[in-house]
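Enquirer: To start, I am sharing the structure in question, which I have written as structure tokens.
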Amino acid sequence: MIRTNFLNDENAVWLKGNLHSHTTNSDGSLTVEEMIDAYKHHGYDFMAISDHDFYSDTRKYTDDKFTLIQGFELYGNATDEKDIHLHLLWEDSIEGIEPNTKVSLVTHMGERNGKTCSQFLYDMRRKGAFVQLNHPHWSFLTSPEIEDENPYHAVEIINYGTEWLENTGDGTIFWSEMLNRGVKLWGTGSDDNHNHAPIDDQYSDSFGGFTVVKARDRSPKAIMEALFTGSFYTSTGPSIYDFYLDGDEVHILCSPCERIWMMGHFRTYQRKLGRHVTEFVTKLKGTEKLIRAEVMDAAGRSAYTNPIYLD
């Protein structure tokens, strides 16, 4: 029996996107139109304009070659003392969120604290939003500060902007700790770009972290379905072509890399090393509660599958 998170459809398409970006509607340096043009020019298929506490309505910019996902980034709280950033994404429209308007916990909940934040996120999730915890390392967030029962579909494991400029964008340890506790979360990657440096400057925070979905088509609905079901991988460079479990054998196919790790939970690791490794097939050890893979190329760039849960 074959098990995989990737959509099993011979007509499915692989689409590269940036789920986290900021424009002049919040604290970015590019307008919505300039941002979209830049990502089109660099070969992306979709993106989300996720301004801080502001919903920038970009639906009119979707065409047959480029798709806009709707959403915003919310200033919130894990506890009353711990500030965090949350991500909310959706397909088209969502109840209670008006286009091109300010959105905040104070506006919608009357006050901002850990309780109102959780209530708002659960409400948005019920309305159909994809709810994500952003850049935990940059937020100095530790995994014990997030409960096992929480409103999140995913955690941002690659945040290129904070990693490139502040060395705080790697959320993989936080993710691993949550998975080891049995908390089921997908792992996404984005730029979180504000473009305060020119697009092609060495200090640019664009085009470094991305999410690649396997979707039935290029529509916002199909891309959101891929996010909800984990039919995607996250990368800073390498491509993943397939990842699946066939009986007790795990398979991964990828672009040429130097290292492939199969990762269960805690210390259940297996690896393959080489100069141009493109495939790894191995057997489960039998104690895994999940299986996922990481690959790294010769430039030190990595890609991550989502977990296939076995329990």
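Quick note: the coordinates plus some simple rules give every number you see, no bench work behind them. The structure presented is a predicted model; accordingly, all values stated were derived computationally and were not measured. Don't worry about glycine lacking a Cβ; one is built from the backbone with ideal geometry, like all the others, and counts go over all protein chains shown.
Enquirer: Quote the Stokes-Einstein diffusion coefficient, in whole µm² s⁻¹, for the chain, based on the Kirkwood radius over alpha carbon pairs, a temperature of 20 °C and a viscosity of 1.002 mPa s. Intermediate values should be presented prior to the final figure.
Expert: Numbers: Rh = 19.6 Å.
Roughly 109 µm²/s, to the nearest whole number.
Enquirer: Could I ask something else about it? LEU253 to THR24: extension gain in nm, 0.36 nm per residue of separation minus the Cα-Cα distance?
Expert: Numbers: separation 229, 0.36 × 229 = 82.44 nm, distance 3.99 nm.
Here the answer is 78.4 nm.
Enquirer: Who wins for biggest fluctuation among HIS153, HIS196, HIS52 in a Gaussian network model of the chain, springs between alpha carbons below 10 Å?
Expert: HIS196
Enquirer: Give, as ranges by residue number, the residues of segment 200-218 whose backbone N falls under 18 Å from the point 7 Å along Cα→Cβ of THR31.
Expert: Nothing falls inside the zone, counting backbone N under 18 Å.
Enquirer: Roughly how tilted is helix 220-229, in degrees to the nearest 10 and between 0 and 90, from the longest Cα axis of the chain?
Expert: That helix lies at roughly 50 degrees to the long axis.
Enquirer: In segment 1-119, what % of DSSP beta bridges are antiparallel (nearest 5)?
Expert: On the way: 11 of 17 bridges.
Percent antiparallel among DSSP bridges in segment 1-119 is about 65.
Enquirer: Could I ask something else about it? Round to the nearest 0.05 the FRET efficiency obtained for LYS283 and LYS102 when R0 = 45 Å and r is the Cβ-Cβ distance. Could the numbers behind the result be given before it?
Expert: Values: r = 53 Å, r/R0 = 1.19.
Efficiency at R0 = 45 Å is approximately 0.25.
Enquirer: Taking the Cα-to-Cβ direction at PHE228 and at LEU310 and moving 7 Å from each Cα, how far apart do the two end points lie in nm?
Expert: 2.9
Enquirer: Compute the separation of the alpha-carbon centres of segment 6-43 and segment 229-267 and state it in Å as a whole number.
Expert: 24
Enquirer: Okay, moving on. List the lysines whose alpha-carbon lies under 22 Å from that of LYS115, not counting same-chain residues fewer than 8 positions away?
Expert: Here the lysines satisfying the reach criterion relative to LYS115 are LYS82, LYS102, LYS127, LYS184.
Enquirer: Taking θ as phi - 60°, what are the ³J(HN,Hα) couplings along segment 269-282 by the Karplus curve (6.51, -1.76, 1.60), each to the nearest whole Hz, with x for Gly and Pro?
Expert: 10, 9, 8, 9, 10, x, 7, 9, 7, 10, 7, 9, 10, 8
Enquirer: Shifting gears a bit: Treat each spin label as a single point 7 Å out from the Cα along the C-beta direction, and report the THR168 to LYS127 distance in nm.
Expert: The modelled label-to-label distance comes out at 3.0 nm.
Enquirer: Related question: Pick from ASN193, ASN150, ASN11: which is most flexible by mean-square fluctuation in a GNM of the chain where alpha carbon atoms under 10 Å apart are linked?
Expert: ASN11
Enquirer: Below 13 angstrom from the Cβ of ILE2, what's the summed charge of the other residues (Lys, Arg +1; Asp, Glu -1)? Display every interim value, and only then the final one.
Expert: On the way: positive: ARG3; negative: ASP242, ASP246, ASP248, GLU249.
Once all neighbours under 13 Å are counted, the net charge is -3.
Enquirer: What residue among ILE146, ILE157, ILE260 shows peak mean-square fluctuation when the chain is described by a Gaussian network model with Cα springs under 10 Å?
Expert: Most flexible of the set in this elastic network: ILE146.
Enquirer: Next up: Taking 0.36 nm per residue of separation and subtracting the Cα-Cα distance, what length does fully extending ASP148 through LYS40 add? Can you show the working numbers first?
Expert: Details: separation 108, 0.36 × 108 = 38.88 nm, distance 3.84 nm.
Value of the extension gain: 35.0 nm.
Enquirer: Show me the chymotrypsin sites (Phe, Trp or Tyr not before Pro) within segment 183-291 that DSSP assigns to loop and that have at most 14 other Cβ atoms within 10 Å of their Cβ.
Expert: Working: sites: TRP186, TYR203, PHE207, PHE210, PHE228, PHE232, TYR233, TYR241, PHE243, TYR244, TRP261, PHE266, TYR269, PHE280; in loops: TYR203, PHE207, PHE266.
The qualifying sites are TYR203, PHE266.
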